[in-house]
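In what follows, a structure is listed as structure tokens, so that the remarks can point back to it.
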């Protein structure tokens with residue numbers, strides 16, 4: 001049986017943009033057939049901690065936990081400014097210390113940035129990012145950390161900003177927000193530099209083909 005190379009990413013626009021060229025077969029790939037898995041970011045962090053996939057998108061906060069088994073790829077990572085997780089509430093713009101705080105995963109950068117901001121213990125409940133946002137919108141008094149594109153629509157949905165966690169990180173450290181990284185298992189069947197070059201070509205294809213990439217991203221968001 002022909003071997004395959006597993007690539008685990010999220011269906012968020014950022015990941016789909018990066019890998020669209022490879023997923024659609026628009027970029028040359030001479031290695032074993034690629035098998036793409038789509039999971040939320042905390043599930044991806046778990047796959048990496050278990051060493052189950054050769055290429056995985058993870059939260060940067062998870063990398064110290066998997067550094068012995070995985071190497072960071074130079075391409076495909078997400079570091080940015082002004083695009084970090086938001087601490088939101090369905091109610092007043094302040095934390096309710098008596099209320100649990102919803103977080104999209106223990107090993108996410110969002111949780112790391114929350115702790116960096118709070119600097120004190122708080123009761124948390126870990127919820128997948130999409131279910132988290134739905135609960136924020138539908139339960140008065142709910143509070144939690146929002147990631148992905150919902151950071152741009154929360155006001156329309158009636159939520160209140162307590163703190164832009166990325167903005168706090170940038171103000172305190174001066175560094176870009178360390179969101180997500182692409183990692184490659186060191187004992188993988190394909191060398192890391194070969195995978196990295198393929199990711200670079202895939203990203204270049206997306207940059208050069210706006211209509212194709214946007215149509216593909218839109219279709220993926222229906223998964």
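Quick notes on this one:
- Distance from the C-alpha centroid of the range 113-164 to that of the range 1-68: 26 Å, rounded to the whole angstrom.
- Between helix 109-118 and the chain there is an angle of about 30 degrees, using the helix long axis and the longest principal axis of the Cα atoms.
- Size of the range 43-149: Rg and Dmax of its alpha carbons, in Å, are 15.0, 44.
- Axis of helix 210-220 versus longest Cα principal axis of the chain: the two differ by about 70°, to the nearest ten degrees.
- In this simple spin-label model, placing a label point 7 Å from the Cα along the Cα-to-Cβ direction at both residue 68 and residue 167 gives a separation of 4.1 nm.
- Cα-only Debye scattering, the chain: base-10 log of I(q)/I(0) at q = 0.09, 0.13 Å⁻¹: -0.38, -0.77
- Spherically averaged projected area in nm², based on the convex hull that wraps the Cα atoms of the range 1-66: 4.9
- Segment residue 123-residue 92, extension gain: residue separation times 0.36 nm, minus the distance between their alpha carbons: 9.3 nm
- Antiparallel DSSP beta bridges within the chain, percent to nearest 5: 65
- Principal-axis tilt of helix 41-50 within the chain, Cα atoms, nearest 10 degrees: 60
- Rg(Cα)/(2.2 N^0.38 Å) for the range 91-198, N = residue count: 1.28
- Extension reserve of the residue 187-residue 134 stretch, reckoned as 0.36 nm per residue once the Cα distance is removed: 15.1 nm
- Among 114-120, 4-10, the order from most to least packed when residues are scored by Cβ within 10 Å on average: 4-10, 114-120
Read-outs throughout are calculated quantities, based only on the coordinates presented, and are distinct from any laboratory measurement. What you see is a predicted model, and the numbers here were worked out from it, not measured in a lab. Cβ sites come from the backbone with ideal geometry, for glycine too, and all protein chains shown count toward neighbours.
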